[in-house]
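Everything below concerns the one structure shown next.
The values are calculated or read from the model by the stated rules, or taken from the named source; none is laboratory data. Since the structure is predicted, the reported quantities are computational estimates derived from the model, not experimental observations. Cβ placement follows ideal geometry from the backbone for every residue including glycine, while neighbour counts extend to all protein chains displayed.
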Amino acid sequence: MTNAQLGKCRKRLEHFLTDLVEPLGRSERRHWADVYVRGLLLDGKRKSIEPLAARVPDGNVQALQQLVGQSPWDWLPVWERLAQRMTAELARTPPGWWMTPASRNRGRIRWAWNGSIPGPWAKSATAK
């Protein structure tokens, strides 16, 4: 994702993260979590703290390192909120056919029905 693409969806991302990072407590942690996620989304080969901080305009290596490696926040409530949000989003998805190319199986396509996410349980069909 480029900076321009991120800029276009910045408000939606902030809205998404507001509830998600609320369990982090302190406003500083919530701010740096937002910066960290933006850095992860931007194009770049390395996702470690230093290159990530260099990609975002408000990146700060020390603050991001503290958030990721030293802050005493519990990750479980964040994961629970993410799971609840994604479950709700998937429940709103209308049923239908999903199709994804299976790149390792030439000419094969995976199909799934009822809005489920294609996976190993999805039926395969040859597409020619």
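Looking only at the stretch 2-20, decide whether some residue is in contact with a Phe, Trp or Tyr (Cβ under 7 Å, 6 or more places away or on another chain) and of a type in the set (A, V, I, L, M, F, W, C).
no
Among the listed residues Thr100, Thr87, Thr93, identify the single one that is under 21 Å from the mean Cα position of the chain (by Cα), surrounded by 11 or more Cβ atoms within 10 Å (Cβ to Cβ), modelled with pLDDT under 90 and farther than 25 Å from Thr2 by Cβ. Don't jump to the end; show me each part of the working.
Working: Thr100 fails: farther than 25 Å from Thr2 by Cβ; Thr87 fails: surrounded by 11 or more Cβ atoms within 10 Å (Cβ to Cβ).
Within the list Thr100, Thr87, Thr93, the selection yields Thr93.
Inspect the stretch 43-50 for any residue being among the hydrophobic types (A, V, I, L, M, F, W, C) and loosely packed, with under 15 Cβ neighbours inside 10 Å and give the result as yes or no. So that I can check it myself, show each step before the final result.
Narrowing the stretch 43-50 to residues among the hydrophobic types (A, V, I, L, M, F, W, C): 49.
Remaining after also requiring loosely packed, with under 15 Cβ neighbours inside 10 Å: none.
No, there is no match, as no residue in the stretch 43-50 is among the hydrophobic types (A, V, I, L, M, F, W, C) and loosely packed, with under 15 Cβ neighbours inside 10 Å.
Out of curiosity, is Asp34 among the acidic types (Asp, Glu) and farther than 16 Å from Asp74 by Cα?
Criteria met by Asp34.
Looking only at the stretch 60-75, which residues are at pLDDT 90 or above and over 12 Å from Arg29 (Cβ atoms)?
Asn60, Val61, Gln62, Gln65
Which ones in the stretch 1-53 are β-branched (Val, Ile, Thr), farther than 16 Å from Arg85 by Cβ and outside any helix (DSSP H, G or I)?
Thr2
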